[in-house]
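> Structure in structure tokens, see below.
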Amino acid sequence: MTKQDLWDHYPDGLRADEPIVCIHGSSGTGGRPTLVPYSAHDVDVWASVMARALGGAGATRGSLVHNAYGYGLFTGGLGVHHGAMRLGATVLPLSGGMTERQVRMVADLRPDVLCCTPSYAIHLGEALRRSGVQASFTVGVFGAEPWTEGMRGQIEELLGIRALDIYGLSEIIGPGVACESLDSEGMLNVAEDHFLVEAIDGEGRPVPDGTPGELVFTTLTKTGMPLLRYRTGDIATLAPPVPDSPRTLRRMSKVLGRRDDMLVIRGVNVFPTEIEAVLLADERVSPHYLIVEDRRARPELWVVVEADEEVREDLTKALRQRLGLTCRVVATREGTVPRTETGKARRLVRWTEGEPPVPGLTPPAS
Ligand code: DLL
């Protein structure tokens, strides 16, 4: 099954004959929402996989969970909320945005667990630093958007924490489909007792462990809208559990890219996460960046960073080495790249006509 099946049966054609207690979904970047009906049993499963995810990150009944994922149709806010309550921790339901108030809560209540998107973790970390408030977190559980090891390093340094990755999608349950734990060696434990995972190639054949493939999930316990072999579009590798670990679940890597995010520029395949890895390896570059896929004439890739002009050449060289492609790097002033306070960061835009999406990009070469 694919997202197209959900759209074809929108809004509730795939709903099972079960009492539904809530509906969640995603707004959908293509403008078409995806809606997911949850039975009471589904919410129970969700709370339990999220409690497990938070527990694996070191949260306990004594924890105060600063939850800055958006509350609403989006599954981030309420997913963490259900899980933290199930664990017996205390949850602070801040939702996204209103950063000044979030800084105030950190100063006054000293929460120890931070849950939000990785881009918001940086935003909040910078705001804390600016206002002279010492961060109180020991661990953070970040997801809902792609992020790299480079970004992990930056967040860990900025906030003085362990930064763990959490993965999920509304169609399957929301956050909690898979989550890194303190002992999972950089990979995410898949909640396989509820969500059977496969990784497949472009022809739908299974790929061996360690080879990147598209993640496919089958829900084993859901009753509101069970899904069979649902293709996520997310590319990752799979691996067995850590040898001799008490955890018996299969693991997945960080998401390496999306099937439809793969850019093909003059015949070269590029995942935006590869670009991020190059950018964040350079300490002079701020974590706010934008990739612009220029499809006006001859396809070009622009990479807009906030940094001094002197890094431009170094980055161009490093990108050429890693991608085998010459990108047009633009170094701009701090604050030029749009920030997201709520929702997911927008790292990639397509430019097909008209004005450039950010200042500093030149008109097409004739
Ligand atoms: O983003 C659920 C979620 C909320 C996950 C909070 C983690 C934390 P959707 O809005 O339906 O659900 O978007 C799902 O987001 O198919 C991936 O492409 C992307 N995604 C989610 N988590 C990660 C992650 C939530 N850790 C889509 N790394 C998925 C990379 C992620 N991409």
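The values are calculated or read from the model by the stated rules, or taken from the named source; none is laboratory data. Note that the coordinates shown come from a computational prediction; the quantities given were computed from them, not determined experimentally. Here the Cβ is made from the backbone with ideal geometry for all residues, glycine too, and neighbour counts use every protein chain on show. These accessible areas exclude ligands, DNA and RNA; they are computed on the full protein's heavy atoms, side chains included. Shrake-Rupley method; radii C 1.70, N 1.55, O 1.52, S 1.80 Å.
> If you go through the range 10-46, how many residues are out of contact with any Phe, Trp or Tyr (no Cβ under 8 Å at 6 or more places or on another chain), over 17 Å from P226 (Cα atoms) and among the small types (G, A, S)?
Qualifying residue count for the region: 3.
> Taking P146 and the conditions (1) within 11 Å of the ligand (Cβ to nearest atom); (2) assigned to a helix (DSSP H, G or I); (3) open to solvent by 40 Å² or more (accessible area, probe 1.4 Å), which numbered condition does it fall short on, given that it satisfies the others?
(2)
> What are the pairs, 6+ residues apart or on separate chains, where a residue within the range 225-245 that is modelled with pLDDT of 95 or more has its Cβ under 6 Å from a residue that is open to solvent by 20 Å² or more (accessible area, probe 1.4 Å) and β-branched (V, I, T)?
Filtered contacts from the range 225-245: R231/T2; D234/V255; A236/V255; P241/T248.
> Here's another thing I want to ask about it. Looking at the range 186-217 only, could you name the residues that are within 17 Å of W147 (Cα to Cα), assigned to a loop (DSSP other than H, G, I, E, B) and modelled with pLDDT of 95 or more?
Listed by number, the residues that qualify are G186, M187.
> Considering only the range 326-338, state which residues are farther than 25 Å from A127 by Cα, in a loop (DSSP other than H, G, I, E, B) and touching a Leu at 6+ places or on another chain (Cβ under 7 Å).
Listed by number, the list holds a single entry, C327.
> Here's something else I'd like to know. Checking the conditions here, which among S39, S48, S26, S95 is surrounded by 15 or more Cβ atoms within 10 Å (Cβ to Cβ), in contact with a helix residue (DSSP H, G or I) (Cβ under 9 Å, 6 or more places away or on another chain) and farther than 21 Å from P146 by Cα?
S48
> Among the residues of the range 156-172, write down those that are more than 7 Å from the ligand (Cβ to nearest atom), surrounded by 22 or more Cβ atoms within 10 Å (Cβ to Cβ) and either outside any loop (DSSP other than H, G, I, E, B) or on the phi > 0 side of the Ramachandran plot (or both).
If the condition is that a residue be more than 7 Å from the ligand (Cβ to nearest atom), surrounded by 22 or more Cβ atoms within 10 Å (Cβ to Cβ) and either outside any loop (DSSP other than H, G, I, E, B) or on the phi > 0 side of the Ramachandran plot (or both), then L159, A163, L164 are the ones that fit.
> What tally of residues in the range 173-185 results from selecting those that are open to solvent by 10 Å² or more (accessible area, probe 1.4 Å) and away from the ligand (no atom under 13 Å from the Cβ)?
3
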